[in-house]
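J.: Sharing a structure below in structure tokens format, with a few things to ask.
The values are calculated or read from the model by the stated rules, or taken from the named source; none is laboratory data. Computed from a predicted structure; not experimentally measured. Cβ placement follows ideal geometry from the backbone for every residue including glycine, while neighbour counts extend to all protein chains displayed.
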Amino acid sequence: MEENNRGQWGSKLGFILAVIGSAVGLGNIWRYPYLLYSNGGGAFLVPYFIALFTAGIPLVILEYGFGHKFRGSAPLSFARANRKFEWLGWWPSITSFIIMIYYTLILSWAMNYLFFSFGQTWGIDTNSFFFGDFLQASSGPFDLAGIRWPIFIGIAFIWFVNWFVTYNGVSGGIEKLTKVLIPALAIIMVIIVIRGVTLPGATLGLNKLFTPDWSKVKDLNVWMDAYGQVFFSLSIAMGILITYSSYLPKKTDINNSAFITAFSNSGFEFLSAIGVFGILGFMATSQGIPIEEVANEGIGLAFVVFPKVFSLMGSLGTVFGVLFFLALVFAGLTSSISLFEAFSSAIIDKSGIKRQKIVTITAIVGFLVSIVYATGAGLFILDIVDAFINSFSIVTIGLLEALIIGWVIGADKIRSHNNSISIFRVGKWWEVMIKFVTPAILTYMLITKIISEFKNPYGGGDYTTSALVLLGWGLVGAIIILSFVVNKTKWKKGMLEENNYVEEEN
Ligand code: PHE
């Protein structure tokens with residue numbers, strides 16, 4: 001049954017797969033492995049699990065309970081909980097849209113590389129192929145230098161898929177897609193891992209990955225990395241979990257869903273760490289170079305190092321290449337859909353206009369803005385926007401969410417809501433986390449990051465101050481201002497009336 005024209009998951013499994021789809025993304029595949037390796041290997045698991053239990057899981061429970069209790073996208077849930085804080089729902093929703101726009105660029109690269117894998121078009125010098133031949137990177141963020149058509153076509157295709165899926169609604173589109181892509185992704189990852197760890201030299205990589213360096217546990221930056229990764233990876237503070245849980249039926253188990261999704265996400269992270277380092281061990285061995293020289297993260301790993309490894313493998317490399325880029329596309333696609341849905345559903349709720357119309361307009365606008373990323377400056381713009389949004393927006397939103405839902409709206413209310421419908425009850429510890437521990441840690445992180453950004457501006461001199469002010473601080477500031485502006489617009493009639501969403505007591 002579609003409730004208030006908002007849509008509903010067909011099953012709890014559908015919801016869980018959709019959340020896993022959002023959580024499992026590029027962060028799992030290309031960021032986590034390197035983070036684990038460079039932050040003390042096995043020893044990193046200590047800060048990682050502490051971050052998971054003191055901030056990650058508590059916030060997932062919070063967002064699930066909040067969205068489910070108030071039955072709305074982030075702005076609608078906040079407006080229903082307390083009219084004064086509707087803006088705090090818009091901030092993450094608009095941020096989601098901004099992330100979505102650059103996510104399509106990375107997905108377009110991955111699509112292009114999926115095709116390149118068949119002929120290993122990247123040649124021997126994968127570095128100059130990527131930055132030169134493929135991206136034709138310009139001199140900086142303000143030097144657009146023309147559109148790269150293969151990238152443009154990829155972006156258009158990704159927007160089309162996003163549009164098509166969300167157009168078909170929650171159970172008819174998102175759920176159907178994630179039910180296929182997530183199991184497929186799991187299978188691909190298992191294949192990559194099994195073949196990866198049986199390559200000659202793989203154990204060298206795995207030893208390097210897991211050997212614990214306990215001195216790192218004393219390093220504060222390692223802790224910050226752990227919290228940052230848990231946040232980004234679980235898709236917290238983006239309005240996504242609030243929106244997705246609002247599509248659950250009224251009677252459903254929320255608490256255990258939070259644990260299931262968090263642990264599945266961690267499982268994917270370990271899996272990719274093992275796969276990635278097995279493959280890097282193979283490369284290091286066959287080239288006779290140390291792991292330190294081949295280990296990399298992000299764009300460097302996926303588009304420079306790995307293509308090189310695939311070339312070394314001969315025909316097996318073709319299979320690996322196709323599987324790897326397919327994994328990136330699948331993982332990224334389900335994340336991009338969650339970003340798109342979080343934003344669209346906010347607008348649908350507020351305006352009362354039909355889903356199909358809103359997603360069409362949003363996709364067209366988003367696509368048009370994305371064209372900037374298809375130029376020679378795309379890489380630089382992506383780099384700055386991504387850095388600022390991740391360092392500042394996500395942490396600040398998470399902090400405000402914990403404080404405002406914890407103290408003003410009432411952590412006790414959310415806890416009793418969750419416990420009234422869940423088989424497994426969360427204890428008082430959870431309120432202590434949300435009201436004290438999570439905010440304290442996030443405040444510390446935020447202050448440290450702001451200080452370090454002022455001391456050493458992002459990019460280490462690669463970017464001009466005007467680029468950082470405009471694309472970094474300016475964009476983050478503009479999103480906040482826009483949140484307050486949208487806050488002022490009128491709600492569709494009846495949306496905030498309690499009898500439209502409060503469940504009868506029984
Ligand atoms: N969780 C995704 C990842 O690990 C990224 C993401 C962040 C997606 C925020 C949506 C929102 O890559």
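J.: Take ALA145 and decide whether it is surrounded by fewer than 21 Cβ atoms within 10 Å (Cβ to Cβ) and within 21 Å of the chain's Cα centre (by Cα). Show your work before the answer.
T.: Numbers: surrounded by fewer than 21 Cβ atoms within 10 Å (Cβ to Cβ): yes; within 21 Å of the chain's Cα centre (by Cα): no.
Considered against the rule, which asks whether it is surrounded by fewer than 21 Cβ atoms within 10 Å (Cβ to Cβ) and within 21 Å of the chain's Cα centre (by Cα), ALA145 comes out as no.
J.: Here's another thing I want to ask about it. Would you be able to tell me the number of residues in region 439-473 that are surrounded by 13 or more Cβ atoms within 10 Å (Cβ to Cβ) and among the small types (Gly, Ala, Ser)? Step through it out loud before you land on a result.
T.: Step one: of region 439-473, the residues surrounded by 13 or more Cβ atoms within 10 Å (Cβ to Cβ) are 439-446, 448-450, 452-453, 457-459, 462-464, 467-473.
This time we only want the ones that are among the small types (Gly, Ala, Ser), so: 440, 452, 459, 467, 472.
Total satisfying the criteria: 5.
J.: OK, next. When only residues in region 162-198 that are of a type in the set (D, E, K, R), touching a residue at least 12 places away in the same chain (Cβ under 8 Å) and under 23 Å from SER245 (Cα atoms) count, which is surrounded by the fewest Cβ atoms within 10 Å (Cβ to Cβ)? Working first, answer last.
T.: Within region 162-198, the first condition is being of a type in the set (D, E, K, R), and the residues that meet it are 175-176, 179, 195.
Keeping just the survivors that are touching a residue at least 12 places away in the same chain (Cβ under 8 Å) gives 175, 179, 195.
The next check asks that each one be under 23 Å from SER245 (Cα atoms); those that pass are 175, 179.
Values: GLU175: 24, LYS179: 17.
So, considering only residues that are of a type in the set (D, E, K, R), touching a residue at least 12 places away in the same chain (Cβ under 8 Å) and under 23 Å from SER245 (Cα atoms), the one surrounded by the fewest Cβ atoms within 10 Å (Cβ to Cβ) is LYS179.
J.: Additional query: Quick test of your reading of the structure: ILE353 fulfils all but one of (1) assigned to a helix (DSSP H, G or I); (2) free of Cβ contacts under 8 Å to residues at least 60 places away in the same chain; (3) not hydroxyl-bearing (Ser, Thr, Tyr). Name the failing condition by number.
T.: Of everything listed in (1) assigned to a helix (DSSP H, G or I); (2) free of Cβ contacts under 8 Å to residues at least 60 places away in the same chain; (3) not hydroxyl-bearing (Ser, Thr, Tyr), ILE353 misses just condition (1).
J.: Which of (1) without any contact (Cβ under 8 Å) to a residue 24 or more places away in the chain; (2) in contact with a Gly (Cβ under 8 Å, 6 or more places away or on another chain) is the odd one out, the single condition GLY494 does not satisfy?
T.: It fails just one condition, (2).
J.: Which pairs do you get when a residue that is closer than 17 Å to ILE57 by Cα, found in region 235-250, comes within reach of a residue that is more than 16 Å from the ligand (Cβ to nearest atom), reach meaning Cβ atoms under 6 angstrom, with the pair 6+ apart or on two chains?
T.: Final answer for the pair search is ILE242/PHE66; ILE242/SER77; SER245/HIS68.
J.: Related question: State whether the residues of region 86-105 include one that is under 21 Å from ILE414 (Cβ atoms) and over 20 Å from the mean Cα position of the chain (by Cα). Steps first, please.
T.: Initial filter on region 86-105 (under 21 Å from ILE414 (Cβ atoms)): 86-93.
Of the ones still in play, those that are also over 20 Å from the mean Cα position of the chain (by Cα) are 86-87.
Among the residues of region 86-105, at least one is under 21 Å from ILE414 (Cβ atoms) and over 20 Å from the mean Cα position of the chain (by Cα), which makes the answer yes.
J.: Would you mind stating whether LEU400 is among the hydrophobic types (A, V, I, L, M, F, W, C) and touching a Phe, Trp or Tyr at 6+ places or on another chain (Cβ under 7 Å)?
T.: On the way: among the hydrophobic types (A, V, I, L, M, F, W, C): yes; touching a Phe, Trp or Tyr at 6+ places or on another chain (Cβ under 7 Å): no.
When the stated conditions are applied, LEU400 does not pass them.
J.: Take the residues in region 58-95 that are in a helix (DSSP H, G or I) and among the polar types (S, T, N, Q), then tell me which one is nearest to GLY427 (Cα to Cα). Lay out the reasoning, then the answer.
T.: Our first condition is that a residue be in a helix (DSSP H, G or I); within region 58-95, this holds for 58-70, 74-81, 83-85, 87-95.
From what's left, among the polar types (S, T, N, Q): 77, 93, 95.
Details: SER77: 24, SER93: 30, THR95: 32 Å.
Within region 58-95, the match that is nearest to GLY427 (Cα to Cα) is SER77.
J.: Before we move on, is VAL476 within 16 Å of the ligand (Cβ to nearest atom) and buried (at least 16 other Cβ atoms within 10 Å of the Cβ)? So that I can check it myself, show each step before the final result.
T.: On the way: within 16 Å of the ligand (Cβ to nearest atom): yes; buried (at least 16 other Cβ atoms within 10 Å of the Cβ): yes.
It is true that VAL476 is within 16 Å of the ligand (Cβ to nearest atom) and buried (at least 16 other Cβ atoms within 10 Å of the Cβ).
J.: Across region 271-298, what is the total count of residues that are without any contact (Cβ under 8 Å) to a residue 60 or more places away in the chain, in a helix (DSSP H, G or I) and closer than 21 Å to ASN39 by Cβ?
T.: 3
J.: Select from region 232-267 the residues that are touching an Asp or Glu at 6+ places or on another chain (Cβ under 8 Å), within 9 Å of the ligand (Cβ to nearest atom) and part of a helix (DSSP H, G or I) and list them in ascending order.
T.: SER233, ILE240
J.: Right, another one. Mind counting the residues in region 275-325 that are within 16 Å of the ligand (Cβ to nearest atom) and surrounded by fewer than 23 Cβ atoms within 10 Å (Cβ to Cβ)?
T.: 4
J.: Working only within region 225-270, note down all residues that are aliphatic (A, V, I, L, M) and either under 17 Å from SER335 (Cα atoms) or at pLDDT below 95 (or both).
T.: Initial filter on region 225-270 (aliphatic (A, V, I, L, M)): 226, 230, 234, 236-238, 240-242, 248, 254, 258, 260, 262.
Result: ALA226, VAL230, LEU234, ILE236, ALA237, MET238, ILE240, LEU241, ILE242, ILE254, ALA262.
Results for (1) over 23 Å from TYR103 (Cβ atoms); (2) among the basic types (Lys, Arg); (3) within 13 Å of the ligand (Cβ to nearest atom), shown as yes or no for each residue.
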position	(1), (2), (3)
GLY14	no, no, no
VAL19	no, no, yes
GLY27	no, no, yes
ASN39	yes, no, no
PRO47	yes, no, no
THR54	yes, no, no
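Residue-by-condition table, conditions (1) in contact (Cβ under 8 Å) with a residue 40 or more places away in the chain; (2) acidic (Asp, Glu); (3) buried (at least 24 other Cβ atoms within 10 Å of the Cβ); (4) assigned to a helix (DSSP H, G or I):
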position	(1), (2), (3), (4)
TYR103	yes, no, yes, yes
TYR113	yes, no, yes, yes
THR121	no, no, no, no
ALA137	yes, no, no, no
